[in-house]
Amino acid sequence: MADRPKRRKHRDNPYTLSYIEEKNIYIISFKDGKGIIQKVEVNEEIYKTFDRFELDDLSELNEYDNHIEHSEIYENNLEIRAKDKPMLLEDVIIQESTFNELKRAINLLPEVQKRRIKKYYFEDKSEVEIALEEKVSQKNVSKSLAVARINLKEILKKFN
């Protein structure tokens, strides 16, 4: 009996397909209600139909695995990925400003924005780390940093 190469199967798939080349016989094997393996000879069309069911199941299993993998990205992975994102215009302007201008501009920010900008840019802390330290949400820190960048941009424009 020439079994096909083993395929990953869905746990609810109760049958195994076989083909006896010498006799040109197609067989579907399965366990009956008593757990005894039964073998049924079928025609090629039925065999191909069951084969197609297995391939469809395999395709669905792979699709499911891909979606699960992508949905299980944890917050720290997202933070790492976020650090590799392209720089915002505000970030470029901040980098291009002289250190003294930047220091003066940061000191003109409201206290919360000033503190978070310093932690984020100078202490290299992530938004999540800042949020945990300050017992606020990461979204809150993110918004605060965004507003601080806008404010810094405006302050630095006035210096030039």
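The values are calculated or read from the model by the stated rules, or taken from the named source; none is laboratory data. Model, not experiment: these values are computed from the prediction. A quick note on method: Cβ atoms are made from the backbone with ideal geometry, for glycine too, and the neighbour counts reach across all protein chains shown. Keep in mind that these areas ignore ligands, DNA and RNA; they rest on the heavy atoms of the full protein, side chains included. Shrake-Rupley method; radii C 1.70, N 1.55, O 1.52, S 1.80 Å.
Per residue, how much accessible area does the stretch 111-158 show when a 1.4 Å probe rolls over the protein heavy atoms, in square angstrom?
Per residue, the stretch 111-158 has an accessible area of 58 Å².
Within 12 Å, Cβ to Cβ, of Lys103, how many net charges do the neighbouring residues add up to if Lys/Arg are +1 and Asp/Glu are -1?
Counting the neighbours of Lys103, the net charge comes to +2.
For Arg104 and Asn43, calculate 0.36 nm times their separation in residues minus their Cα-Cα distance, and state this gained length in nm to one decimal.
That pair, Arg104 and Asn43, stretches by 13.6 nm at full extension.
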